[in-house]
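Notes for the one structure printed next.
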Amino acid sequence: MNGLRLTFHLAGINNQNFLMRDEETGTYWQQITGRAISGPLAGRTLPLIPCDELTFALWKTEQPRGTVLADVPAYVAGYAPEDWDVKMRKAPTVLSYAQPGIAPRDLMLGVHASGAARAFPYDAVAAAKLLQDRVGGEPVLLVLGPDRQSVRAFRAGIGKGGRVEFYRTYDDKNPAPGAQAPLMMDSASGSHWDFQGCAVDGPAKGSCLERMEVIKDYWFDWRHYNPATTVYGKTSR
Amino acid sequence: MDLRAKRRLTYGLAITGSLAVSLFFLVYPVYVIRPFRHQGVQELQAALAVLRFRPEVMAVAVAVAVVSAVLHWRAQTRTLWRIAAVLGAAGVAILAGLSRINIYELMFHPIGQPAFVAAGETKLDGDEKVIAVAVGGAARAYPIRIISYHHIVNDVAGGVPIVATY
């Protein structure tokens with residue numbers, strides 16, 4: 001912020017999303033929004049860096065020369081067990097926003113576009129493997145990766161053509177190795193595209209779809225910070 | 001009431017006041033900012049304001065309590081009252097000390113200096129989920145198993161200072 005590097009510390013919790021405090025100014029920040037809510041920098045927002053949640057194996061094929069955070073030996077005993085997210089689904093919440101068909105801890109993939117917010121239930125996306133929709137009027141494509149767990153969102157338009165239909169062509173039963181494995185095909189050019197959104201063959205080869213940021217969050221938290229959100233499959237845009 | 005008695009009373013009230021203030025400044029934020037409790041917008045703002053001024057308030061409270069206890073000791077001859085005043089001042093010091101504890105970092109220790117392993121050398125299981133970023137030409141993966149404990153990793157990736165949070 002303003003050329004000052006901030007060092008953050010875990011400082012509290014606000015409706016089950018944590019607060020952090022920077023050493024340098026003593027400002028308190030909300031984790032999910034990156035926004036300062038109290039202190040000298042109140043009102044400022046930390047720039048969000050695009051990030052992915054995916055399996056290590058898939059990430060490694062895309063970034064073979066990347067680096068991985070190491071365990072801190074003193075605290076390994078406290079690290080989450082493998083089924084932590086299953087157990088977490090059953091934990092109580094202090095906010096609800098429950099609706100018919102939507103439970104507070106349902107996992108959502110939240111997308112922002114043109115000022116609109118829309119939540120895509122993770123289970124629906126995983127079942128469909130590829131779905132196309134509109135958020136804020138923009139054509140959006142969500143696709144399940146070759147690891148069958150990670151999801152990425154792209155703007156589903158090529159060039160000036162507007163919306164294009166995509167089909168997930170990856171054969172999960174015969175997984176093809178490599179980061180550039182063809183994952184889906186578009187109806188306009190018949191090109192195949194990989195999970196990084198880049199065309200690996202066909203007329204569109206070499207071009208890439210624009211990535212859109214996805215926030216994977218529990219419904220109650222997404223709804224709390226996006227009161228006007230719509231929900232794919234439940235409420236219309 | 002003679003002058004000396006008034007003085008003793010004043011010092012005693014100063015110590016009691018410091019105790020009350022330090023108790024409030026310690027307990028109110030802990031009461032409001034608790035897991036599994038709903039935080040309203042205004043009470044959160046109040047609790048955070050208390051937290052932001054707490055170190056200075058505690059320092060003043062300790063100074064007032066200690067000085068008052070000393071002055072009270074000199075103005076008082078009865079042992080019981082003297083001890084009470086000293087205990088009061090000690091109580092303020094204890095509350096001030098407790099207020100320096102960050103219970104969240106006690107439960108979820110921070111990573112001081114994060115260490116990284118090359119992708120090809122880590123023993124991470126292929127199925128483990130990671131949060132991945134590419135910044136300034138560097139590609140980083142933060143295993144969820146680790147970052148869900150530490151919650152925060154202050155890092156510099158590709159020359160860019162970032163903070164990874166989960």
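A:GLY137 - would you say it is small (Gly, Ala, Ser) and on the phi > 0 side of the Ramachandran plot?
yes
Answer yes if at least one residue in region B:120-131 is of a type in the set (Gly, Ala, Ser) and in contact (Cβ under 8 Å) with a residue 12 or more places away in the chain, and no otherwise. Looking for residues that are of a type in the set (Gly, Ala, Ser) and in contact (Cβ under 8 Å) with a residue 12 or more places away in the chain, one finds none in region B:120-131, hence no. The strands (runs of 3 or more DSSP E) falling completely within region A:6-101 that include 2 or more residues that are at pLDDT 95 or above map to A:8-14, A:17-22, A:28-30, A:35-38, A:67-69. Within region A:16-24, one or more residues are crowded, with 16+ Cβ neighbours inside 10 Å and touching a residue at least 60 places away in the same chain (Cβ under 8 Å). Among residues that are facing chain B (nearest Cβ under 7 Å), in contact (Cβ under 8 Å) with a residue 40 or more places away in the chain and within 20 Å of the chain's Cα centre (by Cα), A:GLU62 is not included.
If you go through region A:182-193 and pick out every residue that is part of a strand (DSSP E or B) and without any contact (Cβ under 8 Å) to a residue 40 or more places away in the chain, you end up with 4. Within region A:1-54, the set of residues being within 8 Å of chain B (Cβ to nearest Cβ), within 22 Å of the chain's Cα centre (by Cα) and among the polar types (S, T, N, Q) comprises A:ASN14, A:ASN15, A:GLN16, A:GLN31.
Residue by residue, here is whether (1) of a type in the set (Ser, Thr, Tyr); (2) assigned to a loop (DSSP other than H, G, I, E, B) holds:
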site	(1), (2)
A:ASP123	no, no
A:TYR167	yes, no
A:ASP172	no, yes
A:GLN180	no, yes
A:PHE195	no, yes
A:ASP201	no, yes
A:GLY206	no, yes
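Might you check whether a residue that is more than 10 Å from every other protein chain (Cβ to nearest Cβ) and among the polar types (S, T, N, Q) occurs anywhere in region B:96-103? Yes - at least one qualifying residue is present in region B:96-103.
Residue count for region B:111-153, restricted to those that are part of a loop (DSSP other than H, G, I, E, B) and closer than 22 Å to A:ASP147 by Cβ: 10. Of the numbered criteria (1) more than 7 Å from chain A (Cβ to nearest Cβ); (2) in contact (Cβ under 8 Å) with a residue 40 or more places away in the chain; (3) touching a Phe, Trp or Tyr at 6+ places or on another chain (Cβ under 6 Å), the one B:HIS109 fails is (1). Checking each residue in region B:21-72 for being within 8 Å of chain A (Cβ to nearest Cβ), free of Cβ contacts under 8 Å to residues at least 12 places away in the same chain and either assigned to a helix (DSSP H, G or I) or surrounded by fewer than 16 Cβ atoms within 10 Å (Cβ to Cβ) (or both) picks out B:ARG34, B:PRO35, B:PHE36, B:ARG37, B:HIS38, B:GLN45, B:ALA49, B:ARG52. Checking the structure you have, find out if any residue of region A:115-136 is modelled with pLDDT under 95 and either of a type in the set (Lys, Arg) or in contact with a Ser or Thr (Cβ under 6 Å, 6 or more places away or on another chain) (or both). There is at least one residue in region A:115-136 that is modelled with pLDDT under 95 and either of a type in the set (Lys, Arg) or in contact with a Ser or Thr (Cβ under 6 Å, 6 or more places away or on another chain) (or both).
The values are calculated or read from the model by the stated rules, or taken from the named source; none is laboratory data. Bear in mind the structure is a predicted one, so any value in this text is a computation, not a measurement. FYI the Cβ positions are ideal-geometry reconstructions off the backbone, even for glycines, and counts take in every protein chain you see.
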